[in-house]
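The values are calculated or read from the model by the stated rules, or taken from the named source; none is laboratory data. These numbers were taken from a predicted model, which means no experiment stands behind them. Using ideal geometry, Cβ is built from the backbone for each residue, glycine included, and neighbour counts are taken over all protein chains shown. Keep in mind that these areas ignore ligands, DNA and RNA; they rest on the heavy atoms of the full protein, side chains included. Shrake-Rupley method; radii C 1.70, N 1.55, O 1.52, S 1.80 Å.
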Amino acid sequence: RQFSFQQGGWGASLADKLVRKCDVLNRGFSGYNTRWAKIILPRLIRKGNSLDTPVAVTIFFGANDSALKDENPKQHIALDEYAANLKSMVQYLKSVDIPENRVILITPTPLCETAWEKQCIIQGCKLNRLNSVVGEYANACLQVAQDCGTDVLDLWTLMQ
């Protein structure tokens, strides 16, 4: 995610662990959903020479997609479109010579509704996400990974 390279972030920790072994590049875009990510993916990863070929690509979406349609229509993506967008991104990566065994889907994380609602109120809006809905998107991510033959990091289950 966009802020993963801030002090103490998981991206910074991963880069530190892999120093001199490989470069860790972050292409996270805060606030994006799968519809928008699918559009910009070809600008971020292109077919190139072997030096440009990533060892692995992670796809980590679902938190924004799962926003409640009535409360956050800008970010909400219907569950079936979310799954189709993930599949499309995996297919695009295959088309630029990144095989499915180098793609790792990451499920959205669980949502602490009470903490999120406090943030919503501070911003002058109602609770716009529900943990149960995020879980549906996590399950869809798991299914896409199975359908596409990719690995998956199930943060939804690990963090419950």
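Structure values in brief
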{"read-out": "Selected residue [modelled with pLDDT of 95 or more and in a strand (DSSP E or B)] from V152, V144", "value": "V152"}
{"read-out": "Segment 106-117, subset in a loop (DSSP other than H, G, I, E, B) and among the hydrophobic types (A, V, I, L, M, F, W, C), residue farthest from the chain's Cα centre (by Cα)", "value": "C112"}
{"read-out": "Yes/no for L105 being among the aliphatic types (A, V, I, L, M), modelled with pLDDT of 90 or more and more than 21 Å from L153 (Cβ to Cβ)", "value": "no"}
{"read-out": "Residue check for A37: of a type outside the set (V, I, T), surrounded by 19 or more Cβ atoms within 10 Å (Cβ to Cβ) and either more than 17 Å from the chain's Cα centre (by Cα) or part of a helix (DSSP H, G or I) (or both)", "value": "yes"}
{"read-out": "Of all residues making up segment 50-105, the number that are in a loop (DSSP other than H, G, I, E, B), polar (S, T, N, Q) and open to solvent by less than 20 Å² (accessible area, probe 1.4 Å)", "value": "1"}
